[in-house]
Amino acid sequence: MVKHDWLRVGLGMFIIAFGANIFAPLLPAYRLGAGLSQSQVTFLLAIYVAGLIPALLIGGPLSDLHGRRAIMRPALVASAVGSLVLSAGITGSVAVLSAGRFIAGAAIGLVMAAGAAWLKELSTGPAHLGARRATVALSVGFGLGPLISGLIAELLPHPDLLPYLMHLALLAVIGPLVWTTRTVAPQSTPRAWFSRSVFSGRFLWTVAAWAPWVFGAASLSFATLPALVADSVSHLIAYTGFIAAVTMGTGAFIQPVATRFARIPPAVPGLGLTVVGMLAAVAVAVTESAWLVVPAAVLLGAGYGVLMVSGLREVQAIAPRSELGAATAVFYSLTYIGFFAPFALSYLGPLIGYPTCFLIGAVVAGLSAVPVVVTNARSTRPVRTPVQSAPTGRPTRIRDGD
């Protein structure tokens with residue numbers, strides 16, 4: 001197997017994630033230029049979850065059955081089709097934009113489970129290396145996409161067209177590299193469409209209990225916070241792209257740190273960072289300061305990055321190889337539920353106040369760490385050896401560790 005095949009797979013994950021998130025900084029353009037409401041644009045941000053989750057749940061098991069490349073190829077095609085449809089939404093049609101976002105979601109859904117499992121198989125080294133590479137590839141794509149598209153939309157004409165054409169051009173270069181990458185032959189043993197490992201107590205309490213916070217934290221950072229300070233920002237599109245890049249970029253750069261927690265599950269500090277990030281979001285909502293959005297984005301992005309790699313690492317430890325794609329798909333599906341957070345806040349914020357919403361979020365994120373700590377404590381608790389009889393007939397208690 002070629003030494004750097006994992007890099008080609010990583011590039012494939014990067015370019016599809018890049019295309020999926022170039023939409024984020026264009027929210028102000030659609031809101032101001034096409035006259036769409038905040039609820040409509042946040043709905044367009046979230047609608048691709050409707051395409052993503054079914055694609056994840058189908059693509060993950062299919063990659064276990066037919067190989068990872070068999071799923072990566074249609075993902076590349078779907079990514080191109082999604083950008084083509086979105087470029088046709090230049091008129092501001094909600095129906096066309098929704099269709100494009102749905103297809104883009106299907107593309108990222110296909111690639112996330114298959115790509116992460118593929119990188120796990122191609123990576124030699126520490127057990128967490130494949131998970132870290134998958135998270136970095138996705139995070140860099142999610143971060144660079146909005147940064148570059150925001151600059152293009154701010155500085156060049158046709159902000160709702162040129163970013164998608166740029167993605168298509170990059171896809172034409174990277175796509176052939178991934179298309180011909182060697183794949184690992186799937187195992188011939190029978191396998192289920194739904195991984196049984198996701199019903200284990202370990203998965204439910206140490207992964208599923210907090211998984212929506214992965215993209216819940218990230219999407220609130222770049223979809224909700226910039227809108228709260230829109231009146232104090234002169235170049236809102238570029239600013240939104242910058243905040244998205246800071247969020248996702250922090251998530252990528254924190255990966256080496258996220259895998260060095262030895263005594264505590266990395267999900268705990270990840271949720272801790274999310275709590276602090278939500279408190280920073282409270283300050284943003286109260287002061288409406290554009291400068292405070294930056295540290296909030298760093299904190300929420302760090303929480304996203306630590307939680308993502310923590311979940312992937314845990315899934316890869318729990319699931320057998322024959323069910324790895326299916327189990328990864330379930331984890332990713334749970335994380336993307338968080339993408340509905342900005343849409344929910346677009347209704348709840350005006351009703352009860354954005355500071356109250358963020359405070360509630362901080363409390364919920366903190367409580368989400370409780371089952372992780374409890375489950376980890378139970379699994380690491382030393383087992384006491386029962387009373388044994390000594391040769392003299394007198395009972396002797398064997399101490400822990402003897």
Screening Ala78, Ala55, Ala50 for residues that are within 17 Å of the chain's Cα centre (by Cα) and crowded, with 22+ Cβ neighbours inside 10 Å leaves only Ala55
Quick check: is even one residue across region 5-24 without any contact (Cβ under 8 Å) to a residue 24 or more places away in the chain and over 24 Å from Ile243 (Cα atoms)?
yes
Is it fair to say Ser379 is part of a helix (DSSP H, G or I), modelled with pLDDT of 90 or more, farther than 30 Å from Leu62 by Cα and of a type in the set (Ser, Thr, Tyr)?
no
Can you find a residue that is buried (at least 22 other Cβ atoms within 10 Å of the Cβ), among the hydroxyl-bearing types (Ser, Thr, Tyr) and in a helix (DSSP H, G or I) anywhere in region 270-277?
yes
Just checking, does region 165-179 include any residue being under 30 Å from Val233 (Cα atoms), touching a Phe, Trp or Tyr at 6+ places or on another chain (Cβ under 7 Å) and touching a residue at least 24 places away in the same chain (Cβ under 8 Å)?
yes
With Val293, Val268, Val276 as the choices, which residue is at pLDDT 90 or above, hydrophobic (A, V, I, L, M, F, W, C) and either in contact with a His (Cβ under 6 Å, 6 or more places away or on another chain) or more than 22 Å from Leu367 (Cβ to Cβ) (or both)?
Val293
Examine region 59-67 for a residue that is within 17 Å of Ala116 (Cα to Cα), assigned to a helix (DSSP H, G or I), modelled with pLDDT of 80 or more and hydrophobic (A, V, I, L, M, F, W, C), and state whether such a residue exists.
yes
Ile264 vs (1) part of a helix (DSSP H, G or I); (2) surrounded by fewer than 24 Cβ atoms within 10 Å (Cβ to Cβ): all pass except (1)
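The values are calculated or read from the model by the stated rules, or taken from the named source; none is laboratory data. On a predicted model such as this, the values are computed, not experimentally measured, just so you know. Methodologically, a virtual Cβ is constructed for each residue, glycine included, from the backbone with ideal geometry; neighbour enumeration extends over all protein chains shown.
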